[in-house]
Amino acid sequence: MPHLENCKTILRKLIAKGDAKCIPLAERAINDYLEATPAAARKSGLPPIQLDVLAQSEAVLGALHNFAEAVNAYIEKKLTEE
C-alpha cells in the first residue's frame, strides 16, 4: 500500500497549495498510483483516495476548495473508466 499512501500525501500537499497550474501534477499522482497498482486492486484503492480528497475539500475554502473539487472530479472520471 505504499503507492496509495504516496498518492494521498502528494494530493494533500497539492491541495494545500491550491495552485490550478498543479492540476496536471495531481492527475499524474493518481495515474502513477493506478499504473503501480495491480488491475484487480485499482478500483478498490481509488475510493480511499477520494475520501481523503473530499475530507481536504471540506476543510478548505476558495482556490484550495476548487482545486480539491477538480481532483475529485478526476477521480470520479477514473472510477467510471476502471
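The values are calculated or read from the model by the stated rules, or taken from the named source; none is laboratory data. Computed from a prediction, not measured in an experiment: that's the story for all the values here. Heads up, the Cβs are rebuilt from the backbone with ideal geometry, glycines too, and the neighbour counts pull from every protein chain shown. The protein model used for the area step is the full one, side chains on, heavy atoms only, and it has no ligands, DNA or RNA in it. Shrake-Rupley method; radii C 1.70, N 1.55, O 1.52, S 1.80 Å.
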Some residue of region 15-28 being open to solvent by 50 Å² or more (accessible area, probe 1.4 Å), in contact with a His (Cβ under 8 Å, 6 or more places away or on another chain) and modelled with pLDDT of 95 or more: no
Near pairs, Cβ below 6 angstrom, 6+ apart or cross-chain, from region 55-66 (within 14 Å of Ile23 (Cβ to Cβ) and open to solvent by 80 Å² or more (accessible area, probe 1.4 Å)) to any residue that is among the hydroxyl-bearing types (Ser, Thr, Tyr) and part of a helix (DSSP H, G or I): none
Of the criteria (1) of a type outside the set (Gly, Ala, Ser); (2) open to solvent by 10 Å² or more (accessible area, probe 1.4 Å); (3) touching a residue at least 60 places away in the same chain (Cβ under 8 Å), which one Gln50 fails: (3)
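Does Ile10 meet the test of being modelled with pLDDT of 95 or more, open to solvent by 50 Å² or more (accessible area, probe 1.4 Å), in a helix (DSSP H, G or I) and not charged (D, E, K, R)? Explain how you work it out, then say what you get.
Details: modelled with pLDDT of 95 or more: yes; open to solvent by 50 Å² or more (accessible area, probe 1.4 Å): yes; in a helix (DSSP H, G or I): yes; not charged (D, E, K, R): yes.
Considered against the rule, which asks whether it is modelled with pLDDT of 95 or more, open to solvent by 50 Å² or more (accessible area, probe 1.4 Å), in a helix (DSSP H, G or I) and not charged (D, E, K, R), Ile10 comes out as yes.
Restricting attention to region 67-82, and to residues there that are more than 17 Å from Leu4 (Cα to Cα) and free of Cβ contacts under 8 Å to residues at least 24 places away in the same chain, which single residue is surrounded by the fewest Cβ atoms within 10 Å (Cβ to Cβ)?
Thr80
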Scope region 29-41; condition buried (at least 17 other Cβ atoms within 10 Å of the Cβ) and assigned to a helix (DSSP H, G or I); matching residues: Ala29, Ile30, Tyr33, Leu34
